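Engineer: First, the structure itself, so that you have it in front of you.
The values are calculated or read from the model by the stated rules, or taken from the named source; none is laboratory data. The structure displayed is predicted, hence computed values, not measured ones. Ideal geometry is used to build each Cβ from the backbone, glycine not excepted, and the neighbour counts take in all protein chains shown. Surface areas here come from the heavy atoms of the whole protein model, side chains and all, with no ligands, DNA or RNA. Shrake-Rupley method; radii C 1.70, N 1.55, O 1.52, S 1.80 Å.
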Amino acid sequence: MHPFRLAARAELDRIRAEGRYRTFTPLRKHADRFPVFTLHRDGQTRDITVWSSNDYLAMGIHPVVVGAAMEAARTMGAGAGGTRNIAGTSHLHDALEAELASLHGKSAALLFTSGYVANQAALTTILRSIPDWHVFSDQKNHASMIAGIKGARASVHVFAHNDLADLEARLRAAPAETPKLIAFESVYSMDADIAPIGAICDLAERYGAMTYLDEVHAVGLYGPNGAGVAERDGVAHRIDLIEGTLAKGFGCHGGYVAGDAEVIDWLRSTASGFIFTTSLPPTTVAAALASVRHVRGDAARRAKLFERAERLKAKLTTAGVPVLPSSSHIVPVHVGEANLCRQVSRRLLEEFAIYATPINYPTVPVGHERLRLTPTPLHTDAMMDALTRALQAVLPAGLAVAA
């Protein structure tokens, strides 16, 4: 057997032994019943209430969005047919990029095939542009940001999560004349906390650093127009580059970077992750454009999301469920051991028809395993009560919130 196959087998055995082996649950989404999905297994069909969707605002099933996708498919077909440079740019792509630039108050935006690709391509390209970059990366940045940073030749400084004193100490210690970039997120989706964006901008200005902000888990949700936490906090104009996704708050697919027109034009011309891949299909772009335009004017939908999130936190806390601290719309429930976390998730599905994904290492540190719950505007009080009772039944007695 080839050494690679032996190594792969050994790694899979180790992952299984540690309780980290990933299994996928095939669920059928219903546009008219969200967040109720259908599970088909062993010749049986069951309705399942999903509590782990990233379609935070349920825009993926909104009639305006679905209708736009259907019309684009009818008139333009299924695929883009090429890269953006080879017949893969339509009026819809141009319109969506203009809409996203406007959303964030920037002069330009650039679409990528996913949020992961946007981060990886943009960060790698930037950090390869000139010698001696020093990049300051939050300890809990997403894997896509880490991949983008590792793909370059920059000097990397990882600062303690949301720790301004540690960030400043590292900025101060770096050579004053070197180019610097601070890369961080607004909402950290596994810890449910939010970065002090304005204070990070203060440090960036003090030490001459660019700022790169990942708003993936915030766009559509925060701010008067749904532009994210930077808009909510009134500091978007102080951020050099904002990266976002169309796959979460907007319920579609794709990623983007927004910023100064010259910088975006340079990325368009140099980022291999943009240049050498097939363009987003017109159906997806039409749906995303319709979603962004709708969400910008739908403050009530955002308000309902946050009301639902706070209601769920209160219900679970009152019931003694170990909810981790959350300053965002995400509701993490501490479990603390990989095999137990998978067992809890399995029992919720099998015994209570509730889908809640187990989050294990390497997504979170060992000992911090959790369920990550994401209420939407369409989750009802009755669904919350059923979830609360189920968690009380399957979680071990006395399980405490991790320190």
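Engineer: Nothing charged except the Cβ atoms of Lys and Arg (+1) and of Asp and Glu (-1): what's the magnitude of the dipole of the chain about its Cα centre? Round to the nearest 20 debye.
Structural biologist: In debye, rounded to 20, the chain gives about 1140.
Engineer: Ignoring everything but the protein chains, give the 1.4 Å probe accessible area of LYS315 in square angstrom, nearest 10.
Structural biologist: 50 Å²
Engineer: For the chain, what is the accessible area per residue in Å², given a 1.4 Å probe and the full set of protein chains?
Structural biologist: Per residue, the chain has an accessible area of 43 Å².
Engineer: How big is the dipole moment of region 204-256 about its Cα centre under a simple scheme where the beta carbon of each Lys and Arg is +1, that of each Asp and Glu is -1, and everything else is neutral? Debye, nearest 20, please.
Structural biologist: With Lys and Arg at +1 and Asp and Glu at -1, about 80 debye.
Engineer: So what is the relative contact order of the chain, in percent, for Cα pairs below 8 Å that sit 6 or more residues apart?
Structural biologist: Reported relative contact order: 22 percent.
Engineer: Right, next: Considering only DSSP beta bridges whose two residues both sit in the chain, what percent are antiparallel, to the nearest 5?
Structural biologist: 60 percent
Engineer: Only helical DSSP H runs with n ≥ 4 go in: add -39500 (n - 2.57) per run for the chain, normalise by residue count and round the 222 nm mean residue ellipticity to 500 deg cm²/dmol.
Structural biologist: Helices in the chain give a 222 nm mean residue ellipticity of -13000 deg cm²/dmol.
Engineer: Filter the cross-link list LYS106/LYS180; LYS248/LYS304; LYS150/LYS180; LYS140/LYS313; LYS29/LYS140; LYS106/LYS304 down to pairs whose alpha-carbon distance in this structure exceeds 26 Å.
Structural biologist: LYS29/LYS140; LYS106/LYS304
Engineer: Give the long-range amide H neighbours of THR376: residues separated by 5 or more places, or on another chain, with amide H under 5 Å away, using H modelled in the peptide plane at 1.01 Å from N.
Structural biologist: none
Engineer: In nm, to one decimal, how far is the ASP202 label point from the THR23 one, both placed 7 Å along Cα→Cβ?
Structural biologist: The answer from the label model is 5.0 nm.
Engineer: Just want the answer: with Cβ charges of +1 for Lys and Arg and -1 for Asp and Glu, which residue in VAL366, ALA300, HIS104 is farthest toward the dipole's positive end in the chain?
Structural biologist: Going by the Cα projections, it comes out as VAL366.
Engineer: With +1 on each Lys and Arg Cβ and -1 on each Asp and Glu Cβ, and nothing else charged, work out how big the dipole of region 134-288 is about its Cα centre, in Debye to the nearest 20.
Structural biologist: 360 debye
Engineer: Can you check what the net charge comes to around ALA69, using other residues whose Cβ is under 15 Å from the Cβ of ALA69 (Lys, Arg +1; Asp, Glu -1)?
Structural biologist: +1
Engineer: Now a separate question. Per residue and in cubic angstrom, what volume does the convex hull of the Cα atoms of region 1-143 have?
Structural biologist: Cα convex hull per residue, to the nearest whole number: 284 Å³.
Engineer: So how do VAL158, VAL36 rank on accessible area, 1.4 Å probe, biggest first, that is with the largest at the start?
Structural biologist: VAL158, VAL36
Engineer: Please list, in chain and number order, the residues 5+ apart from ILE182 or on another chain whose amide H is under 5 Å from its amide H, with Hs placed from the backbone.
Structural biologist: Correct list: PHE136, MET210, THR211, TYR212.
Engineer: Separate question: Before anything else, pin down the relative contact order of region 322-403: Cα pairs under 8 Å, at least 6 apart, normalised by residue count, whole percent.
Structural biologist: The value is 36 percent.
Engineer: Step through the residues of region 176-182 one at a time and calculate ³J(HN,Hα) from phi using the Karplus curve (6.51 cos²θ - 1.76 cosθ + 1.60, θ = phi - 60°), rounding each to whole Hz and writing x for Gly and Pro.
Structural biologist: Those phi angles translate into 4, 8, 7, x, 10, 9, 9 Hz.
Engineer: Roughly speaking, to the nearest percent, how much of the chain's 1.4 Å accessible area is carbon and sulfur?
Structural biologist: Result for the chain: 54 percent of the exposed heavy-atom area is carbon or sulfur.
Engineer: Measuring from centroid to centroid over Cα atoms, what is the spacing of region 357-387 and region 265-318 in Å?
Structural biologist: Cα centroid of region 357-387 versus Cα centroid of region 265-318: 20 Å apart.
Engineer: Within region 15-61, report the chymotrypsin sites (Phe, Trp or Tyr not before Pro) that DSSP leaves as loop and that have at most 12 other Cβ atoms within 10 Å.
Structural biologist: For chymotrypsin sites (Phe, Trp or Tyr not before Pro) across region 15-61 that sit outside H, G, I, E and B with at most 12 neighbouring Cβ atoms in 10 Å, the list reads PHE24.
Engineer: Also: Any idea which of LEU348, GLN44, MET384 is furthest toward the positive side of the dipole for the chain, if Lys and Arg beta-carbons carry +1 and Asp and Glu beta-carbons -1?
Structural biologist: Sorting the options by dipole projection puts first GLN44.
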